Amino acid sequence: MDTSGLANLRHPVILIVDDDAPLRNLLRKFLQKDYEILSAASGSEALELARLETGNIDILLSDIEMPGMDGVSLCHRICGERPKTRVLLMSGGSVVAPLDRAGLPLPFVAKPFELRKVQRLLRELLAEPALTPEDRSVILVVDDEVTRREHIHRILTENGYSVRMASNLGQAQMLSDENTKIDLVIAAVMSDGSGVRLAEHIDASTRPVSTLLISHCEPEALQEMTGFSAQPEYLPNPFTPEELLKRVGHLLRKKDKAAR
Amino acid sequence: MTKTILVIEDDVLLRNVFVKVLVRENYDVLEADSAIEALQVSRGHDGTINLLIVGSFLQTMPAPEIMERLRESRPEMKVLQIGDPWNPPGRKGDPMRGATLLQKPFLPESLAEELKTILGPSPDASSLTFTGSPG
């Protein structure tokens, strides 16, 4: 039998795993208009299918309590092999919120559920960028103004970025000198102007890291202060979350391009 | 009226290929990975099951037995038996009583053709409706 059709998938692909066959059938029937559906009756079947499936599996929709391998272990296995796969777990019991391997909570829906609720959760999952701890961009935020620092932290973490924070130049230098991944630095100029010195420090190092300066000053004035040949990347204060995210996205894309 | 097909196949890869072809051909599909699951699915399904697709070799119950068990409550249900040249049910190539045999290996198109022969033309996509109640 020709099985090449399995690799030729166009819609987002959902792998449904549940030992309850009527529920599996119901979910497939409800979702098959919008998604390509693969289904498995157990964790081991799901692993076999995932191993043989050459295309993407966008979402693993799995029951937690199953004979043999449980849904959380299955999720760890599949996501280990397919880091882009997102997960929605289903649970009939009152389980403790399931966690991924990094200890972050996994989305789950309690049974019995409205099919429309699952549909909505799946749409939300697909709308989110597929991020894993490994490929999540790390942003170092340096700001001595605690309210603004927390504000930036919230905007960035809610949008899937991993954030490290420092309140002064010394802390920031320590963090940026550590052998840890930093993709972007967001620094306020700060009351003593030390943000600019940090920008210089990072600019001078070999790290291919951009610094986005947040300041009331005009970009020309900043260029003079920093002595950079080009105008520094700059976000005028105050800013909206959209403005911040737009600049961050732009700088990270630029960095990715340079890395290629 | 959309026709409903129950697929029993314990090979997960093959089962998913069957389902994919059947969905593409606009059939309503019920699937089960074992005879036990199939009985459970059949009991839980209020509507007609027009066709059973069953492999000749199931680990939990021989194909003829599951066919008979399902036919007790669904005497009108037609059966397409997937013949496996390596695991014949009786003599090589013999279909079960009252079943049509489709011998492996085959192309998805051949399966679709066989279904049209057994069930008549497949319905238009426009006539597809979701009849299950949410929740």
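Here are a few things to note about the model shown:
- For B:V79: the one exception among (1) under 21 Å from B:Q103 (Cα atoms); (2) out of contact with any strand residue (DSSP E or B) (no Cβ under 8 Å at 6 or more places or on another chain); (3) of a type outside the set (F, W, Y): (2)
- Within region B:13-38, residues that are open to solvent by 20 Å² or more (accessible area, probe 1.4 Å) reach partners that are small (G, A, S) with beta carbons closer than 7 Å, at six or more positions or on different chains, in the pairs B:K20/A:G5; B:E25/B:A112; B:E25/B:S122; B:N26/B:S122; B:N26/B:A125; B:D33/A:A41.
- Matching residues in region A:221-244 - criterion: being at pLDDT below 85, more than 14 Å from A:V189 (Cβ to Cβ) and in a helix (DSSP H, G or I): A:E242
- Filtered residues of region A:38-59 (kept if surrounded by fewer than 24 Cβ atoms within 10 Å (Cβ to Cβ) and within 25 Å of the chain's Cα centre (by Cα)): A:L47, A:A50, A:R51, A:E53, A:T54, A:G55, A:N56, A:I57, A:D58, A:I59
- Per the listing A:E53, A:E36, A:E65, the residue uniquely more than 9 Å from chain B (Cβ to nearest Cβ) and at pLDDT below 95 is A:E65.
- Among (1) within 10 Å of chain B (Cβ to nearest Cβ); (2) open to solvent by less than 20 Å² (accessible area, probe 1.4 Å), the one test that A:C75 misses: (1)
- Going through (1) in contact with a Gly (Cβ under 6 Å, 6 or more places away or on another chain); (2) at pLDDT 90 or above one by one, B:V54 falls short only on (1).
- Residue within region B:63-71 that is within 13 Å of another protein chain (Cβ to nearest Cβ), in contact with a Leu (Cβ under 8 Å, 6 or more places away or on another chain) and within 16 Å of B:G83 (Cα to Cα) present: no
- Any chance B:S122 is closer than 18 Å to B:D10 by Cα and at pLDDT below 75: no
- The C-beta contact set for region A:104-120 (first residue within 20 Å of A:Q32 (Cα to Cα) and facing chain B (nearest Cβ under 9 Å), second residue crowded, with 16+ Cβ neighbours inside 10 Å and not β-branched (V, I, T), distance under 6 angstrom, 6+ apart or interchain) comprises A:L115/A:F30.
- Residue count for region B:16-32, restricted to those that are at the interface with another protein chain (Cβ under 10 Å from one of its Cβ atoms) and more than 12 Å from A:N25 (Cβ to Cβ): 6
- Cβ-Cβ under 6 Å pairs, at least 6 apart or on other chains, region B:97-108 side away from every other protein chain (no Cβ under 14 Å) and hydroxyl-bearing (S, T, Y), far side in a strand (DSSP E or B) and open to solvent by less than 50 Å² (accessible area, probe 1.4 Å): B:T100/B:L80
- Residue in region B:83-91 that is within 30 Å of A:L23 (Cα to Cα), within 14 Å of chain A (Cβ to nearest Cβ) and at pLDDT 85 or above present: no
The values are calculated or read from the model by the stated rules, or taken from the named source; none is laboratory data. Just so it is clear, the structure is predicted and the values come from calculations on it, not from any experiment. A quick note on method: Cβ atoms are made from the backbone with ideal geometry, for glycine too, and the neighbour counts reach across all protein chains shown. To get the accessible areas, we keep the full protein, side chains included, count just its heavy atoms, and leave off ligands, DNA and RNA. Shrake-Rupley method; radii C 1.70, N 1.55, O 1.52, S 1.80 Å.
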